[in-house]
């Protein structure tokens with residue numbers, strides 16, 4: 001990918017269970033990462049995406065990703081975004097096993113198989129940290145009983161029992177929007193609403209920091225499953241169902257790295273003026 005005539009930027013668009021990203025070479029950002037994310041990720045006036053993964057090919061042969069959300073804020077990492085980059089490198093350069101650096105740590109990705117247009121990729125997601133925590137949020141009645149989870153980026157997980165994932169008299173979208181920006185979380189937080197369906201399966205909804213409701217999230221999957229394993233005694237191998245599809249998680253024990261497996265699909269490549 002390279003610039004054309006100085007004002008046109010080449011991009012790749014990919015998605016993982018509907019959680020969509022643009023992939024752009026770091027050199028093309030020219031320090032305008034936030035502005036580029038706000039413009040190009042806009043659904044009605046840009047290309048449309050939940051965020052941009054800027055791919056930096058470093059002199060020592062390693063790769064590093066910087067993730068900017070649709071609102072222009074920078075995040076530590078995205079599990080689905082990282083997988084989208086891995087799928088692109090597999091499709092375009094034949095690299096089927098790669099370590100991708102992020103501000104949330106190195107994530108190792110391995111192509112498991114290809115099913116048509118989908119690349120199924122296993123990602124090492126680090127060791128989750130699950131911390132049960134009751135919180136009080138402005139505009140919400142009562143105490144919210146959940147868990148802070150760190151999987152390289154921050155999450156707050158709430159368990160629910162109802163089909164619409166509402167909690168404390170509010171829709172999950174409305175409550176998620178309040179929690180995500182509450183002053184309790186210095187840098188904001190992603191919010192997941194989890195319903196345990198069986199010992200081997202959970203279903204969840206995601207309010208993503210800097211983006212809003214999303215159909216899927218790789219780190220959200222890891223946060224939701226690790227909280228379920230730690231606090232609801234589910235199996236250590238779980239299927240996690242989001243609106244965009246199902247991902248598989250294996251976490252042998254609290255000291256081991258979590259493995260996340262799911263699909264990624266290249267939507268298109270193109271050029272855009274910026």
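Remarks
- Taking the criterion of being outside any strand (DSSP E or B) and under 20 Å from residue 84 (Cβ atoms), the residues of segment 226-273 that qualify are 243, 244, 258.
- Selection status of residue 262, under 26 Å from residue 117 (Cβ atoms), touching a residue at least 60 places away in the same chain (Cβ under 8 Å), surrounded by 19 or more Cβ atoms within 10 Å (Cβ to Cβ) and out of contact with any helix residue (DSSP H, G or I) (no Cβ under 8 Å at 6 or more places or on another chain): no
- Yes/no for residue 56 being assigned to a loop (DSSP other than H, G, I, E, B) and under 23 Å from residue 35 (Cα atoms): no
- Flag set for residue 65, criterion: within 26 Å of residue 149 (Cβ to Cβ), free of Cβ contacts under 8 Å to residues at least 60 places away in the same chain and surrounded by 15 or more Cβ atoms within 10 Å (Cβ to Cβ).
- Residue list for segment 97-118, restricted to those being outside any strand (DSSP E or B) and out of contact with any strand residue (DSSP E or B) (no Cβ under 6 Å at 6 or more places or on another chain): 103, 104, 105, 116
- Residue in segment 146-160 that is assigned to a loop (DSSP other than H, G, I, E, B) and more than 17 Å from the chain's Cα centre (by Cα) present: yes
- Applying the condition of being more than 24 Å from residue 220 (Cβ to Cβ) and either under 20 Å from the mean Cα position of the chain (by Cα) or modelled with pLDDT of 95 or more (or both) to segment 83-116 and asking which residue is surrounded by the most Cβ atoms within 10 Å (Cβ to Cβ) yields 91.
- Residue in segment 119-130 that is surrounded by the most Cβ atoms within 10 Å (Cβ to Cβ), counting only those that are assigned to a strand (DSSP E or B) and out of contact with any helix residue (DSSP H, G or I) (no Cβ under 8 Å at 6 or more places or on another chain): 122
- Exactly one residue out of 256, 239 is over 17 Å from the mean Cα position of the chain (by Cα) and either surrounded by fewer than 16 Cβ atoms within 10 Å (Cβ to Cβ) or without any contact (Cβ under 8 Å) to a residue 60 or more places away in the chain (or both): that is 256.
- Across segment 195-225, the qualifying residues are those that are under 10 Å from the mean Cα position of the chain (by Cα) and part of a helix (DSSP H, G or I), and the one among them that is nearest to residue 171 (Cα to Cα) is 220.
- Screening residue 38 with (1) surrounded by fewer than 21 Cβ atoms within 10 Å (Cβ to Cβ); (2) touching a helix residue (DSSP H, G or I) at 6+ places or on another chain (Cβ under 7 Å) gives one miss only, at (2).
- Some residue of segment 27-36 being under 15 Å from the mean Cα position of the chain (by Cα) and modelled with pLDDT of 95 or more: no
The values are calculated or read from the model by the stated rules, or taken from the named source; none is laboratory data. None of the values given here were measured: they were computed from a predicted structure. All Cβ positions, even for glycine, are placed from backbone atoms using ideal geometry, and neighbour counts span all protein chains on display.
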